[in-house]
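Participant: Submitted below is the structure of interest, expressed as structure tokens.
Each value in this text was obtained by applying a stated rule to the coordinates, not by laboratory testing. Computed from a predicted model, the values in this text were never measured in an experiment. All Cβ positions, glycine included, derive from the backbone under ideal geometry; neighbour counts span all protein chains shown.
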Amino acid sequence: MAAANHYELLQIAPDASQQELRQAFRRLSKRYHPDTTDLPAEQAEEAFRHLQQAYLTLSDPERRRLYDVSLRPVPQPLQSLRVSVPQPVPVRRALSGGEWFALLLLGVAVVFSLVLGVGLAWARGTELLREPSWWPGSEQTAQTLPSSTADVVSAAPPGAAVQPSAAGA
């Protein structure tokens with residue numbers, strides 16, 4: 001009893017008159033009414049409810065007009081009116097003079113800091129490459145590292161009393 005639309009359910013043509021509509025409803029209501037059918041009660045009630053809905057819709061001229069409009073396929077131009085949002089186009093451009101100058105300054109600053117750091121470490125006499133104590137396979141520990149007297153500068157001779165400076169008082 002499942003029909004695609006009310007016209008198929010009532011077994012009439014879409015241009016059927018009110019009299020043809022009424023005759024079709026009466027004929028089918030005798031077949032599907034719960035009191036006069038051999039179908040199970042639930043199935044008969046469901047079929048008769050669909051039949052009544054179809055008849056009520058098609059018997060009213062205004063409802064029938066709206067129903068007919070809803071059956072028509074949507075015209076093709078309306079379907080193609082989807083608004084498409086343009087995707088941004090990636091822009092590859094050449095660097096400007098100011099951008100090249102900023103990159104040059106950045107490079108010079110990096111090279112200068114490396115030279116300054118390595119120069120200061122060399123001037124102090126520290127090792128430039130040293131494995132960390134936690135490095136696996138490292139045999140050296142903090143106690144066995146060689147120390148030079150130049151690394152440790154004593155502020156006061158051993159056994160001397162430490163006096164606060166006059167500037168700090």
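Participant: Using the basic label-point model (7 angstrom from Cα toward the beta carbon), what is the GLN11 to TRP122 distance in nanometres?
Facilitator: According to this spin-label approximation, the distance is 10.6 nm.
Participant: So, in nm, how far is label HIS33 from label SER96 when the simple model puts each one 7 Å beyond its Cα toward the Cβ?
Facilitator: Each label point is offset 7 Å from its Cα along the Cβ direction, giving 8.8 nm.
Participant: Quick one: grab the alpha carbon gyration tensor of segment 1-50, order the square roots of its eigenvalues as a ≥ b ≥ c, and give me rounded if a/c is under 1.5, else prolate or oblate depending on whether a/b is larger than b/c.
Facilitator: Numbers: a/c = 3.43, a/b = 1.72, b/c = 1.99.
The shape class here is oblate.
Participant: Then there is this: When all alpha-carbon pairs of segment 25-125 are counted, what percent fall beyond 21 Å?
Facilitator: Numbers: 3677 of 5050 pairs.
The answer is 73 percent, as a whole percent.
Participant: Using a Förster distance of 41 Å, how high is the FRET efficiency between GLN52 and VAL85, based on the Cβ-Cβ distance and rounded to 0.05? Let's see the in-between values first.
Facilitator: Values: r = 47 Å, r/R0 = 1.14.
Taking R0 as 41 Å, the efficiency between GLN52 and VAL85 is 0.30.
Participant: Got a sec to turn the phi values of segment 95-102 into Karplus ³J(HN,Hα) couplings, 6.51 cos²θ - 1.76 cosθ + 1.60 with θ = phi - 60°, whole Hz, x for Gly and Pro?
Facilitator: Coupling constants for segment 95-102: 6, 7, x, x, 5, 5, 5, 5 Hz.
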